[in-house]
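Let me begin by presenting the structure, written as structure tokens, before commenting on it.
The values are calculated or read from the model by the stated rules, or taken from the named source; none is laboratory data. Everything quoted here is computed from the prediction, not taken from an experiment. When we count neighbours, we look across all protein chains shown, and the Cβ atoms used for this are built from the backbone with ideal geometry, even at glycine.
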Amino acid sequence: MRILHTADVHLGAKFLSLGDKGQEHRRQLLRTFEQVASLAIAQHSDLFIIAGDLFDSNNPPPFYVQEAIRILRKVGDAGITTCLIPGTHDPIEPRSVYNAYDFAGHCPALRILAGESSTLRLPELDAVVYGLLPPDGAGVSPLRSLRLEEAALQIGIAHCSFHIPDRVEGDSLMVTREEVAASGLNYLALGHWHSFSEFTCGSTKACYSGAPEVIDLDQAGAGKVVLVNIERSGDVSIQPVQVGSRRFERLRIPLDTAISPAAVRESIAALADRSLILEVSLEGLQALDFQLDVEEMERALEDEFFALRIVDHSHAALSEVDINSFAPETVVGRYVRLMQQRIASASAGEASEYEEALRLGVALLQGREVLR
Ligand SMILES: [Mn+2]
């Protein structure tokens, strides 16, 4: 049995943080989703799984819903059943997108696995598919609702976090490795995390396909779907396939006291790629004479990337300041001493403002007037 598993498409997302490029990326999500559907058709998949968050909200722009319906209909016309579960962004509720539009009427081969109809039997494949939604929303594992039926192949779909001790904080929607191992499922198609990852739990394979296109600007593993093959014996093999046209990366640049704005520019420019959404984080301690106009540098380099954001998390290198190198009778010397006293007694929020004032002030004053 062949499955194409995707999730977290987030059609209609606005991407306000991408500024002018937001609209472009929003349209790209739709193009990528259509490519994913075409891949399911080309692979002769028996089943197309969408593990939640097909839409970014329950009130997406009508154009995106109509396009999703057109694409899902195309999959159905190719003889492929689509199993979709609602996610955290598009949950079943009175004003749900799945109630507002006639999905069933337009896409006869689509099954929205929720509520009374959360189980799909596929006798010709000797398989059963379960949409695993927690009975009362938050606080209950989605696997609690699982009641296995008689079939050779058992497939679950859930939209939740996977518990990884010491790595994943408690989430109101969470499955544990032990629960998955005891589930009796052959394959658990997961959504909610936007990066691809797989877990083997006993004889169950659980997998996040991740989002097919970058959604959040903090998840570098997005951009994939998963081709799943389940043998008659129940053995599962998976193959992640890159479908996303853009990727996200974060570049951390520690500003030791020697690095110059030109060197910062060079390390950013070295990653130039028109499909890359790059977030640059300037970190650590910066020299007092370090002068970088972050917005200007963004403007100068933005055409080299799909989107570029430079965030300055650095601090003035106060520990590097040798107070004795600034003579106390100079303006700059007086200034450094005054600001250091203020920083020492300031709250954390105020301290960073004083640090900035110290850095700028020293740059302006250095080598100029003498007091006496
Ligand atoms: Mn999501």
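Can you tell me which of L120, L84 is closer than 27 Å to S38 by Cβ, away from the ligand (no atom under 16 Å from the Cβ) and assigned to a strand (DSSP E or B)? Full working, then the answer.
Numbers: L84 fails: away from the ligand (no atom under 16 Å from the Cβ).
Testing whether each residue is closer than 27 Å to S38 by Cβ, away from the ligand (no atom under 16 Å from the Cβ) and assigned to a strand (DSSP E or B) leaves just L120.
Please enumerate the residues belonging to the range 1-40 that are at pLDDT below 95 and either among the aromatic types (F, W, Y) or not assigned by TED's automatic domain parsing to the domain that holds A151 (or both).
Once the filter is applied, which keeps residues that are at pLDDT below 95 and either among the aromatic types (F, W, Y) or not assigned by TED's automatic domain parsing to the domain that holds A151 (or both), the range 1-40 yields only F15.
Has the range 103-123 got any residue that is modelled with pLDDT of 95 or more and acidic (D, E)?
No, that holds for no residue.
Can you tell me how many residues in the range 32-65 are in contact with an Asp or Glu (Cβ under 7 Å, 6 or more places away or on another chain) and of a type in the set (D, E)?
Count: 1.
Could you tell me whether any residue of the range 80-102 is surrounded by fewer than 20 Cβ atoms within 10 Å (Cβ to Cβ) and under 24 Å from R2 (Cβ atoms)?
Yes, the range 80-102 has at least one match.
I'd like to check something: does the range 50-73 contain any residue that is more than 16 Å from the ligand (Cβ to nearest atom), closer than 20 Å to C207 by Cα and surrounded by 21 or more Cβ atoms within 10 Å (Cβ to Cβ)?
no
Only residues that are of a type in the set (A, V, I, L, M, F, W, C), part of a loop (DSSP other than H, G, I, E, B) and within 14 Å of the ligand (Cβ to nearest atom): list them for the range 1-14, please.
Step one: list which residues in the range 1-14 are of a type in the set (A, V, I, L, M, F, W, C), which gives 1, 3-4, 7, 9, 11, 13.
Imposing the further condition that a residue be part of a loop (DSSP other than H, G, I, E, B) reduces the set to 1, 7, 9, 13.
Once the filter is applied, which keeps residues that are of a type in the set (A, V, I, L, M, F, W, C), part of a loop (DSSP other than H, G, I, E, B) and within 14 Å of the ligand (Cβ to nearest atom), the range 1-14 yields A7, V9, A13.
Hey, can you tell me all the residues within the range 190-207 that are away from the ligand (no atom under 14 Å from the Cβ) and touching a residue at least 60 places away in the same chain (Cβ under 8 Å)?
C207
Out of (1) in contact with a Lys or Arg (Cβ under 6 Å, 6 or more places away or on another chain); (2) within 23 Å of F305 (Cα to Cα), the odd one out for D293 is which?
It is condition (1) that D293 fails.
How about the range 265-318: which of its residues are out of contact with any helix residue (DSSP H, G or I) (no Cβ under 9 Å at 6 or more places or on another chain) and over 21 Å from L16 (Cβ atoms)?
Residues satisfying the conditions are E266, S267, A270, E283, G284, E296, H313, S314.
Test A78 against the stated conditions and say whether it is at pLDDT 95 or above, away from the ligand (no atom under 16 Å from the Cβ) and small (G, A, S).
Numbers: at pLDDT 95 or above: yes; away from the ligand (no atom under 16 Å from the Cβ): yes; small (G, A, S): yes.
Considered against the rule, which asks whether it is at pLDDT 95 or above, away from the ligand (no atom under 16 Å from the Cβ) and small (G, A, S), A78 comes out as yes.
Residues in the range 149-160: is at least one within 24 Å of the chain's Cα centre (by Cα) and either outside the structural domain of F33 (by TED's automatic domain parsing) or assigned to a loop (DSSP other than H, G, I, E, B) (or both)? Break it down stepwise before answering.
Our first condition is that a residue be within 24 Å of the chain's Cα centre (by Cα); within the range 149-160, this holds for 156-160.
Remaining after also requiring either outside the structural domain of F33 (by TED's automatic domain parsing) or assigned to a loop (DSSP other than H, G, I, E, B) (or both): 160.
Checking the range 149-160: at least one residue is within 24 Å of the chain's Cα centre (by Cα) and either outside the structural domain of F33 (by TED's automatic domain parsing) or assigned to a loop (DSSP other than H, G, I, E, B) (or both).
Could you check how many residues of the range 92-111 are out of contact with any Asp or Glu (no Cβ under 6 Å at 6 or more places or on another chain) and not in a loop (DSSP other than H, G, I, E, B)? Before the answer, list the steps.
Taking the range 92-111 first, the residues out of contact with any Asp or Glu (no Cβ under 6 Å at 6 or more places or on another chain) are 92-96, 98-111.
Retained after the next criterion (residues that are not in a loop (DSSP other than H, G, I, E, B)): 98-100, 103-106, 110-111.
Here the count works out to 9.
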